[in-house]
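Written out below as structure tokens is the structure these notes cover.
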Amino acid sequence: MSKLGQDFEQLKAKVIEMGALTEQMVGWASDALITRDKSAVAKVLAAEDELDRFQIGIDSEAVRLITIYTPTAKDLRFLLMVVRINTELERVGDQAVNNCEYVDMFLAEPPPRPLNDLARMTEIACEMVHGALQAFAHEDVQKAKQVMAMDDAVDALNRRTFEDLLGDRIDSPDLLKRCMSLVLVAQSIERIADHAVNVCEEVVYLVKGEDIRHQT
């Protein structure tokens, strides 16, 4: 393998490693919400700094490789895709951190409604993040499209959560606050799914040279 190929493989491995950390953060945030596990909150917050270091390091390495190799065609698409995916993964981590901040409220008081829909949303979102990383690792367009198709289910559950939580008249300010927090959690989970879709779009761009953003 050429030096260029070796450098690309090392960079790809770094992105996959960052993705594994991001996936863990989403899982921990889910545990914190569904099982009210305070230790899971601490794990997410502790991982944030490491995730930020990954982002800075990967961006710097991508710029360095562009500078020394002046790549063209698919090689350049790969480096551009890495930079974009790097940003998407960091944003997924940010959403996991945001969720933990909302979850803190439910550690002292029970949630205002059963969390069945939110539990299903988090399950699908975790599957989407994992699937998006697999699609990237194997440059698998079919897998990427399968992940993108899962987004409709998350959107539907998000809408239902909003309607269920705010559809009834709420007289208690405390109850309203807790309902709004769950609405924000649902929106955050929906954004995690969107970021997974964005990663899959980048995989399609890498393999086929086709920009499918904003087409679905």
GNM top mover of Met25, Met148, Met180 - the chain, alpha-carbon springs below 10 Å: Met180
With no solvent and one point on each alpha carbon, what is the Debye value of log10 I(q)/I(0) for the range 1-127 at q = 0.17, 0.19, 0.20 Å⁻¹? -0.83, -0.95, -1.02
May I ask you to derive the relative contact order of the range 60-216, considering only C-alpha pairs under 8 Å and at least 6 residues apart, and to give it as an integer percent? 37 percent
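Starting from the range 129-216, pick out the GluC sites (Glu not before Pro) whose DSSP state is loop and whose Cβ has at most 13 other Cβ atoms within 10 Å. Walk me through the intermediate numbers first.
Working: sites: Glu139, Glu163, Glu190, Glu201, Glu202, Glu210; in loops: Glu139, Glu210.
Sparse-neighbourhood loop GluC sites (Glu not before Pro): Glu210.
Just reorder Arg160, Arg53 by solvent-accessible area, largest first, 1.4 Å probe, all chains present. Display every interim value, and only then the final one.
Values: Arg160 115, Arg53 155 Å².
My answer, sorted largest first, is Arg53, Arg160.
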Over the range 112-162: Rg over Rh, Cα atoms, Kirkwood Rh: 1.09
How long are the three semi-axes of the equivalent ellipsoid of the range 142-216, in whole Å, if each is the root of 5 times an eigenvalue of the C-alpha gyration tensor, listed from largest down? 35, 10, 8
Sum -39500 (n - 2.57) across every DSSP H segment of at least 4 residues in the chain, then divide by the residue count to get the 222 nm mean residue ellipticity, nearest 500. -30500 deg cm²/dmol
In whole Å, what are the Cα extents of the chain along the three principal axes, biggest one first? 65, 35, 21
Compute the long axis of helix 151-166 from its Cα atoms, compare it with the longest principal axis of the Cα atoms of the chain, and write down the angle in degrees, 0 to 90, nearest 10. 20 degrees
Compute the helix-to-body angle for 3-34: its Cα long axis versus the longest principal axis of the chain, expressed 0 to 90° and rounded to tens. 0 degrees
Taking Cα pairs closer than 8 Å and at least 6 residues apart, the relative contact order of the range 1-109 in percent is 40 percent
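For Leu76 and Arg53, what does the FRET efficiency come to when R0 = 25 Å and r is the distance between their Cβ atoms, rounded to the nearest 0.05? Show your work: numbers first, answer last.
Numbers: r = 26 Å, r/R0 = 1.02.
Calculated transfer efficiency: 0.45.
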Among the listed pairs Lys43/Lys143; Lys12/Lys74; Lys143/Lys208; Lys74/Lys208; Lys12/Lys145, those beyond 18 Å (Cα-Cα): Lys43/Lys143; Lys12/Lys145
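The values are calculated or read from the model by the stated rules, or taken from the named source; none is laboratory data. What you see is a predicted model; the values in this text were computed from it and never measured. When we count neighbours, we look across all protein chains shown, and the Cβ atoms used for this are built from the backbone with ideal geometry, even at glycine. Quick note on the areas: whole protein, heavy atoms, side chains included, nothing else; ligands and nucleic acids left out. Shrake-Rupley method; radii C 1.70, N 1.55, O 1.52, S 1.80 Å.
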